[in-house]
Amino acid sequence: MENFTKITLLLIGATFSISLAAFGFLSIAEKEKRAAHNLVRWGIAHSGFFRRFALQMDNLFYGRKPNPRPAPKWTDYKK
């Protein structure tokens, strides 16, 4: 059974690789997303207002990053 699983995963990986080579990595939708991200990158590089606006939109869509937790006690260095 274990050999069957390994062979199956190998075939799935090979099939996926062939399809990427045959059909290309970027579809039309991916190219449109790339254009939108390039526009955002340009705005961030050239405008402070746009930088703040993009941060607020990022927080709205993806949520804020949590504050880092303090390091565990065992990592304290004692002389």
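The values are calculated or read from the model by the stated rules, or taken from the named source; none is laboratory data. What you see is a predicted model, and the numbers here were worked out from it, not measured in a lab. Glycine gets a Cβ as well: all are built from the backbone with ideal geometry, and neighbour counts include every protein chain shown.
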Requested in this report: Residues that are modelled with pLDDT under 85, over 17 Å from the mean Cα position of the chain (by Cα) and at negative phi: find the helices (runs of 4 or more DSSP H) completely inside the chain holding 1 or more of those.
Outcome: 2-23, 28-46
Report summary line: The correct count of residues that are surrounded by 11 or more Cβ atoms within 10 Å (Cβ to Cβ) and among the polar types (S, T, N, Q) in region 47-78 is 2
